[in-house]
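Notes follow the structure.
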Protein chains: 2
Amino acid sequence: MSRSPDWLHYQAEVHPDRLALMTEEGRWSFDNLDADVARFAGILSDLGIGRGDRVGYRLPANAAQVILVHALTRLGAVLVPLNTRLTARELAPILDNADPALIISDGAPFDWGTHQPKTRTMEALMETTSKRRVWDSTLNFDDLHALVYTSGTTGVPKGVEITVGNQWSSALGFALNAGMLEQDRWLHVMPLFHVGGLTILFRSVIHGSGVVLEPRFDAARAYQLLQDERITLLSVVPTMVHRLLELPGDAPSLLRLALLGGAPAAPSLIDAAHRRGYPVVPTFGMTETCSQVVTLEKSEVTLRRGSSGHPNLPTRIRIAAGETDAPSGAIGEIWVQGPSVARGYWKNPEATTAAFQNGWLKTGDLGFLDEDGYLTVTDRLKDLIIRGGENVYPSEVEAALLSHPGVADAAVFGQPDPEWGQIVAAAVVVSHSETPTSIQNFLSKRLASYKMPSIYYRVEEIPRNASGKILRARLQQDASNLVKWVDSHDL
Amino acid sequence: MSRSPDWLHYQAEVHPDRLALMTEEGRWSFDNLDADVARFAGILSDLGIGRGDRVGYRLPANAAQVILVHALTRLGAVLVPLNTRLTARELAPILDNADPALIISDGAPFDWGTHQPKTRTMEALMETTSKRRVWDSTLNFDDLHALVYTSGTTGVPKGVEITVGNQWSSALGFALNAGMLEQDRWLHVMPLFHVGGLTILFRSVIHGSGVVLEPRFDAARAYQLLQDERITLLSVVPTMVHRLLELPGDAPSLLRLALLGGAPAAPSLIDAAHRRGYPVVPTFGMTETCSQVVTLEKSEVTLRRGSSGHPNLPTRIRIAAGETDAPSGAIGEIWVQGPSVARGYWKNPEATTAAFQNGWLKTGDLGFLDEDGYLTVTDRLKDLIIRGGENVYPSEVEAALLSHPGVADAAVFGQPDPEWGQIVAAAVVVSHSETPTSIQNFLSKRLASYKMPSIYYRVEEIPRNASGKILRARLQQDASNLVKWVDSHDL
C-alpha cells in the first residue's frame with residue numbers, strides 16, 4: 001500500500017512562509033495553516049474522531065471549512081461535504097446512506113427534518129480549548145478520503161468513494177497537463193461541496209500553491225483579485241466566463257489557465273474569452289473521476305474545436321461499442337480507467353456494479369476519440385434517442401437547430417412512441433415571426449430524415465442546472481405541459 | 001494494478017512538434033522519435049523480443065540508444081544497461097545474473113571473454129527492414145522495467161529491479177519538487193547506464209521536456225549548448241561543476257536547476273557555483289530509489305548548509321536507531337519508503353532481504369533529519385568506525401583534518417585492532433613542511449580523544465571513484481602498502 005507524508009505539513013516544512021490561503025477573514029501561510037489545522041485536529045480528536053470516521057459538514061466556503069477539511073484528512077477521517085443548497089428533504093437520503101458520526105454546521109438555523117443527526121457548530125468547536133495538537137500523519141492512498149454525493153438531477157444521490165490516492169493522482173494528473181510553477185496561485189470560486197472545488201484544496205497542499213477562496217462568484221471582485229493577488233489558475237463554469245467577459249478589462253496577464261468544467265462549453269464562448277486574453281480551456285471529468293481527467297491545451301483550442309482534450313497521463317479512455325473499442329471518430333460510451341477513478345458508490349453495490357467494471361468506469365457519457373486520442377463528448381447515454389433502431393444524438397440535432405438564425409436556443413429529447421419506440425422532440429426558443437416550415441426545411445438539408453424532430457415545443461427558456469447542463473429529464477417529464485408548436489405531421 | 005498509456009506516444013499525440021531529442025546526429029520532435037521507436041520496436045518484435053524479455057545493451061550515449069530504450073519500454077521488455085567502462089571480466093557476473101535474451105552492442109570490437117552471449121550490433125538492427133510498427137502500448141506499473149547494476153566498489157554487482165511504476169514516481173517526485181515548465185529542456189551529460197542518466201530519458205517523455213544528449217561531458221561545449229539550446233535543467237556530478245566554473249562566463253540565465261548527484265558536494269563548491277549564477281542544488285538518491293528522492297531547494301542552500309534537502313513527496317525517510325526512530329538531529333541509518341523505491345535485487349534473495357524490509361529500503365547510509373524534516377547524509381554505514389564501542393564518523397574526522405591549513409586532502413577509515421576492535425586511521429595529503437604534532441594538537445582541540453586518529457598515512461592523492469566518492473575499502477585493503485607517516489604512540 002502506498003503512503004505519503006501529510007501534504008499540508010510537508011508544505012509547512014518546505015515552504016513555511018508561502019501563502020497557503022486567503023479569504024475575506026485573513027491570510028494564512030502554510031506554516032500558519034498547519035498550526036491551525038494541528039490545533040483543530042486536536043479538538044476533533046478529543047471528540048473521538050479518528051481514522052475511518054465519517055464526518056458530514058454543511059458550511060459556507062470560508063477558512064474554517066478549509067481548516068476542517070485538512071484536519072479531517074490528517075486524522076484519516078472521511079469527509080462528507082453536504083451541498084448547502086439542498087433542503088432537509090433532499091439531504092435525508094444522503095444522511096441515511098453516509099450515516100456520519102458527526103455533522104458540523106455553521107450557526108445558521110437549519111431544519112434537519114426527521115433526521116436528528118449529532119451536530120456541532122463550527123464556531124463552538126473552534127472556541128474549544130484542547131491541549132492536543134496533531135502535527136503530522138501518514139496518508140494511506142488506499143484509505144477512503146471523501147464521500148461526495150452526485151447531484152443527480154433525478155434519482156437517489158450516490159456517495160462517490162474518493163480515496164486519498166484519487167486526490168493524489170488527480171493533483172498530479174493536473175500538474176502533468178498544466179505544468180507547475182513556483183508562483184502558482186488559485187482563485188477559488190467554485191462550491192467546496194463539489195468535487196471540482198474540493199480537489200483544488202488538495203492540489204494546493206500537494207503542489208504548494210496558494211488558494212484565494214471566495215464565498216461566491218462575483219465577477220467584479222474576482223477580476224480585482226485576479227489582478228491584486230497575482231492569480232495564475234482559475235476553475236470556472238461557463239456562466240462565470242460570460243460574467244467576466246461583460247466587464248470592460250482584458251484578462252490580467254499572469255492568469256495562465258482557466259479550467260472550464262460543468263456543462264460542455266460552446267466554442268464561441270471559448271473564442272470570445274481567448275480574444276480577451278482569458279486562457280479558457282475545456283475539460284472533461286466528473287465526481288467519479290475525482291474532477292477533470294481530460295483537458296484541452298490552450299494552443300489546441302482553435303485546432304480542435306469542440307473537443308474536451310486529451311486524457312491526462314496516466315488516465316486511459318476507451319470508447320465502448322459493445323464488447324469492443326469503437327474505431328476513431330465513431331461514437332460510443334466513454335469509459336475511463338486510471339488512478340483517479342473512484343472505487344465505487346458507498347453502500348450501493350448495485351450502482352457500483354453497474355458503473356464500475358474491471359477497473360473501468362462506465363461514465364454514461366457518449367463521445368468519440370479522434371486519431372490523435374482527443375476526446376469529444378457528445379451526449380449523455382441516457383439522453384440518446386433510439387428511433388426505430390437508429391441512434392439519434394440530441395447534441396447533433398441541437399447543433400443543427402442552433403445554426404438556424406431564427407433559433408435562439410434549443411433542446412432535443414426523446415419521447416415514447418408506439419410506432420417508433422421513441423421519437424425526436426425539440427424544445428425551441430424562437431422569435432414570433434419564425435415559422436416551423438422554415439426550420440423544418442432548413443434541417444432537412446442538414447440531417448437524415450430519421451433524425452428530424454417529429455414534434456416541436458415552443459418555450460420561453462431552456463431549463464438548465466447551475467452548471468448550464470440542459471435538464472432533459474425535466475423536459476421529458478413535463479412534455480405534456482409544454483406548448484406544442486407544431487407536429488411534423490402537420491407540416 | 002495501475003497502468004498508463006505509452007509515455008512517448010502520448011507526447012507524440014499532445015506535443016507532436018516539440019523537440020524530444022537532440023544529439024550530434026540530429027534533432028527529433030516527439031512525433032519523429034515516436035515514429036523511429038515504432039519502427040525499431042517492430043524490428044525487435046520480429047526478433048521475438050516481447051514482454052518480460054531481458055535485453056542487455058552496451059552502447060555509446062547516442063540517439064540509437066535512446067530509440068532502443070523507448071522501443072524496449074514500449075514492448076514491455078526489461079532494459080539491462082551495461083556499463084561501457086567495465087571489462088569482460090567485470091561484466092561476467094552481471095551477465096550471469098541477468099541472463100539476457102539478447103545483447104545489443106555497437107560495432108566496436110569487444111572481448112566478451114568466456115561469456116558468449118547472443119549479440120547483435122545496433123547498426124545492423126537499425127538497417128533491418130520490417131513491415132511491423134509498434135505504435136502504442138499500455139505500460140503496467142508493476143512490471144519490471146530495468147535491471148540496473150550497482151557499481152559497487154567491492155563485492156558482486158547487484159541488479160536493482162526498477163519497475164515501470166518506479167520510473168513514473170521518480171519523474172513525478174522530481175516535478176513536485178522542481179516544478180514543470182512548458183519550456184523545460186534537459187542537457188544530458190550523465191552516463192546512460194546509471195540510473196541518474198536513464199531516468200532523465202523517462203522524465204523527458206513523462207513531462208514532455210526535450211533532451212539534448214551529449215556522448216560525454218565537455219565543459220566548453222556544454223556551456224555553448226546551455227546557451228544555444230535554451231537549456232533549463234541539468235544533472236551533474238561535482239567534477240562537472242568545477243569544470244564549468246573554470247570557464248569565463250556566468251551561467252546562462254534560462255538554466256533554472258542543476259541537480260548535483262554522486263558524491264556529497266562540498267558547500268564551498270555550491271557557494272562558488274551560486275556566485276556565478278549556476279543554480280546547483282544537492283540531492284540524495286541511489287539506484288535502489290530510482291535516482292534522487294531528496295532535493296534541496298535553491299533558496300535553502302545557504303540556510304541549510306550541508307543538507308541534501310527534504311524528501312520529495314510522497315517519499316518517507318526515517319532514521320533508524322535500532323528498532324525505533326532516532327530523534328531529530330541524531331545520526332542513524334537512513335531508511336527510505338515510497339513508490340520510487342525498487343522492489344529488490346534480481347535473483348538475489350539474500351541481498352534483497354538484507355536491504356528491503358516491510359516496504360522500507362535500508363540504504364546503508366548514515367545521516368540525520370533536522371526538526372523540519374531536512375536530511376543530512378554523513379557517512380556510509382559500512383564506513384562507520386567502532387572504536388572500543390564508540391561510534392566514530394569518518395566524515396567528522398575528515399572535516400576536522402581539512403580545517404587544518406596544512407592538510408590539502410584527507411580520508412579516514414577503520415583498521416582492525418586487537419585492543420579496540422577498530423582504530424581510526426587517516427590518510428592525508430600534506431606539504432613537506434607539515435608535522436604530525438601540529439595536526440594532532442590541532443585535532444585534540446576539536447575532537448574527543450576516542451575520535452583521534454591512531455595512525456596517519458601520508459599519500460600523494462586520496463583515491464576516489466568517478467563520482468568523487470572516497471574509496472575507503474581500497475584504503476583499508478591497501479593500508480599495508482601505504483607509507484606510514486606516524487603512529488600516535490610516537491607522538
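Bear in mind that the values in this text are calculations on the coordinates, not laboratory data. Nothing here was measured: the structure is a model prediction, and the numbers come from that model. Glycine gets a Cβ as well: all are built from the backbone with ideal geometry, and neighbour counts include every protein chain shown.
The Cβ shell under 13 Å around B:Asp370 holds other residues with a net charge of -2, Lys and Arg each +1, Asp and Glu each -1. Helical content of chain A, expressed as a calculated mean residue ellipticity at 222 nm, amounts to -8500 deg cm²/dmol (DSSP H runs of 4 or more residues, -39,500 (n - 2.57) each, divided by residue number, nearest 500). Charged neighbours of B:Ile231, selected by a Cβ distance under 13 Å, balance to 0 (K, R count +1; D, E count -1).
Using a simple charge model, +1 on the beta-carbon of Lys and Arg, -1 on the beta-carbon of Asp and Glu, nothing else, what dipole does chain A show about its Cα centre, in debye to the nearest 20?
Numbers: 45 positive and 55 negative charges, 57 e Å.
That gives chain A a dipole magnitude of about 280 debye.
In chain A, the inverse of the mean reciprocal separation of distinct Cα atoms equals 24.0 Å; this is its Kirkwood hydrodynamic radius. Once both labels are positioned 7 Å from their Cα atoms along Cα-to-Cβ, the gap between A:Asp417 and A:Ala448 label points is 1.5 nm. Angle of helix A:63-75 to the longest C-alpha principal axis of chain A, folded into 0 to 90 degrees and rounded to 10: 70°. The Cα-based radius of gyration of segment A:384-490, divided by its Kirkwood radius, gives an Rg/Rh of 0.92. Considering only A:Leu366, A:Val377, A:Gly344, the residue lying farthest towards the positive end of the dipole of segment A:320-407 is A:Gly344, judged by Cα position with unit charges set on Cβ. Taking the dipole about the Cα centre of segment A:384-490, with the C-beta of Lys and Arg at +1 and of Asp and Glu at -1, give me whichever of A:His432, A:His489, A:Leu401 is farthest to the positive side. Farthest towards the positive pole: A:Leu401.
Per-residue packing, averaged as other Cβ atoms within 10 Å, sorts the ranges A:296-305, B:448-457 into the order B:448-457, A:296-305, beginning with the highest.
For segment A:384-490, give the magnitude of the charge dipole about the Cα centre (Cβ charges: +1 Lys/Arg, -1 Asp/Glu; no others), in debye to the nearest 20. Working shown, then result.
On the way: 10 positive and 12 negative charges, 48 e Å.
In total the dipole reaches around 240 debye.
Counting, for every residue in A:312-319, the Cβ atoms of other protein chains within 10 Å of its Cβ and taking the mean gives 4.
Under a 5 Å amide H cut-off, with hydrogens placed 1.01 Å from N, A:Arg343 pairs with A:Glu161, A:Thr163 among residues at least 5 apart or on other chains. With the simple model of a label 7 Å out from the Cα in the direction of the Cβ, B:Leu381 to A:Asp31 spans 3.5 nm. What's the Cα-based Rg to Rh of the protein assembly as shown, Rh via Kirkwood? That ratio equals 1.02.
Straight-line cross-link partners of B:Lys298 among the lysines, defined as a Cα under 27 Å from its Cα and at least 8 positions apart when in the same chain: B:Lys469. Seen from B:Ala220, the other residues with C-beta closer than 10 Å to its C-beta sum to a net charge of 0, counting Lys and Arg as +1 and Asp and Glu as -1. For segment A:96-104, the Karplus equation 6.51 cos²θ - 1.76 cosθ + 1.60, evaluated at θ = phi - 60°, returns couplings of 4, 6, 7, 6, x, 5, 7, 10, 10 Hz by residue, with Gly and Pro reported as x.
The phi torsions of segment B:381-398, fed into the Karplus equation with coefficients 6.51, -1.76 and 1.60 and a -60° offset, translate into couplings of 4, 6, 8, 4, 9, 10, 10, x, x, 9, 7, 10, 8, x, 4, 5, 5, 4 Hz, rounded to whole numbers, with Gly and Pro shown as x.
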